[in-house]
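Asks: Encoded as structure tokens, here's the structure I'll be asking about.
Bear in mind these aren't lab numbers, they're just calculated from the coordinates by the rules spelled out. The structure presented is a predicted model; accordingly, all values stated were derived computationally and were not measured. No Cβ is skipped: glycine too gets one built from the backbone with ideal geometry, and neighbour counts run over all protein chains shown.
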Amino acid sequence: MNLVDVLNSIWSQILQVTSQFVIPDWGQVIGALPVLVVLGLVAPFLTFLALGTVIYLARKPRVKVRFEEGPRVAEIGADGQPVFPVGLPHCRRDGLVYPSGTLRCERCHDDLAVVCPMCSLGRSALIDTCSNCGLVLKVRSRAVAVRASVGPRPGGAAVA
Ligand SMILES: [Zn+2]
Ligand SMILES: [Zn+2]
């Protein structure tokens, strides 16, 4: 509903502005016709385009939940320190975040750390049970399942 209101107000503003300097002289109306066509067709088009882009960008991050292969660089927080997502193995030395199930850093070959999703306590990724709250991270079995589904699938649509 907001979208329609905005477009309506933009359109009425265009009509107002054009009527103010066009009406007195009909010769100018003919002369201004290309401008009116441009305003009437291109402006709404650009408005829709801009709105579409905004809506697309606003929706995009929500769809972007997927499993990534290999390490990725951790995002840098406001304090300049890398921010590691909870529940994912990461290397503090290199600032890399690994997919669940990874135990060692590919770069420095050190044991990875993981932050408990429940109590935010850090521990080694080798330990799957939190010593503080007892939450068990079943990252290894899930990672295996994810990797198996990524590989060549037996059957599928090709069988039918
Ligand atoms: Zn490392
Ligand atoms: Zn915990």
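Asks: Need the full-extension length gain, Ala32 to Ile55, defined as separation in residues times 0.36 nm minus the C-alpha distance. One decimal, nm.
Replies: 4.9 nm
Asks: Moving on to the next point. Which far-off residues, 5 or more places away or on another chain, put their amide H under 5 Å from the one on Leu96, with H placed in the peptide plane?
Replies: Ala74, Cys91
Asks: Could I ask something else about it? Using a Förster radius of 35 Å, what is the FRET efficiency between Val83 and Ala43 based on their Cβ-Cβ separation? Nearest 0.05, please.
Replies: According to the calculation, E is roughly 0.25.
Asks: Whole-Hz Karplus ³J(HN,Hα) for the stretch 35-48, in order, using 6.51 cos²θ - 1.76 cosθ + 1.60 and θ = phi - 60°, x for Gly and Pro?
Replies: Karplus values, whole Hz, x for Gly and Pro: 5, 5, 4, 4, 5, x, 9, 6, 4, x, 4, 5, 4, 4.
Asks: Hey, another quick one. Can you tell me which of 92-104, 73-85, 121-133 comes out highest on packing, and rank the rest after it, using the mean Cβ neighbours within 10 Å?
Replies: 92-104, 121-133, 73-85
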